[in-house]
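Undergrad: Supplied in structure tokens, the structure appears directly below.
Bear in mind these aren't lab numbers, they're just calculated from the coordinates by the rules spelled out. This one's a predicted model, so the numbers in the text were calculated from it and none came from an experiment. Every residue, glycine as well, gets a Cβ built from its backbone with ideal geometry; the counts of neighbours run over all protein chains shown.
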Amino acid sequence: SGRHRVDLALLAERLGKEAVRRATPEEVRAATGQVIGGVAPLGHPAPVETVVDTALEEYPELWAAGGTSNTLFHTDYAELLKMTDGIPVAVN
């Protein structure tokens, strides 16, 4: 959700991981083929572990980046989970 930032320590705990960190722009580009500011939740060259903030379920419609900083697409929470095979987690 755009209304808050991810608590990395809490997210690591909830995912059962020792630590979680933010990816660098170079890592994002290597993993997704896209640049920060336009990374779509799908269409990556290889599977990417995806966490979907449970706060998004509060919104009847969602708009996600479409692979560039100038493109969006419409979806909803259930479809976002399905298309990404995402892990639903409260991130803050």
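Undergrad: Apply the Karplus curve 6.51 cos²θ - 1.76 cosθ + 1.60, θ = phi - 60°, to the phi angles in region 52-59 and return the couplings in whole Hz, x for Gly and Pro.
TA: Using θ = phi - 60°, the values come out as 10, 4, 5, 4, 5, 5, 6, 9 Hz.
Undergrad: Give me a comma-separated list of calculated 3J(HN,Hα) values for region 32-41, in order, Karplus coefficients 6.51, -1.76, 1.60 applied at θ = phi - 60°, integers in Hz, x for any Gly or Pro.
TA: Karplus values, whole Hz, x for Gly and Pro: 10, x, 10, 9, 4, x, x, 5, 6, x.
Undergrad: Pull up all non-local amide H partners of Val51: gap of 5 or more, or a different chain, and H-to-H distance under 5 Å with H placed in the peptide plane.
TA: Those lying under 5 Å, H to H, from Val51 are Ile87.
Undergrad: Tell me the Rg and the Dmax, in Å, that the Cα atoms of region 12-55 produce.
TA: Just the Cα atoms of region 12-55 yield Rg and Dmax of 11.6, 29 Å.
Undergrad: How much of the calculated P(r) for the chain lies past 15 Å, in percent of all Cα pairs?
TA: Here the long-distance tail beyond 15 Å is 63 percent of all Cα pairs in the chain.
Undergrad: Using only alpha carbon pairs under 8 Å that are at least six residues apart, calculate the relative contact order of region 1-52 and give it in whole percent.
TA: 20 percent
Undergrad: HN-Hα J couplings of region 69-80 from phi, Karplus 6.51/-1.76/1.60, θ = phi - 60°, integer Hz, Gly and Pro as x?
TA: Once θ is set to phi - 60°, the couplings for region 69-80 become 6, 10, 10, 9, 9, 8, 7, 9, 4, 4, 5, 4 Hz.
Undergrad: If you take the beta carbon distance between Val35 and Glu13 as r and set R0 to 41 Å, what does 1/(1 + (r/R0)^6) give as a FRET efficiency, to the nearest 0.05? It would help to have the intermediate numbers written out before the result.
TA: Details: r = 30 Å, r/R0 = 0.73.
E between Val35 and Glu13, to the nearest 0.05, is 0.85.
Undergrad: May I pose another question? Enumerate the amide H contacts of Gln34 below 5 Å, restricted to partners 5 or more residues apart or on another chain; note that Pro and chain-start residues carry no placed amide H.
TA: Distant-sequence amide H within range of Gln34: zero hits.
Undergrad: Please compute the contact order of the chain in relative form: average sequence separation of alpha-carbon pairs under 8 Å and at least six residues apart, divided by the residue count, as a percent.
TA: It comes to 31 percent, rounded to a whole number.
Undergrad: Still on this structure, please answer the following. Taking the simple approach of a point 7 Å from Cα along Cα-to-Cβ for both Lys82 and Ala23, what is their distance in nm?
TA: Each label point is offset 7 Å from its Cα along the Cβ direction, giving 2.4 nm.
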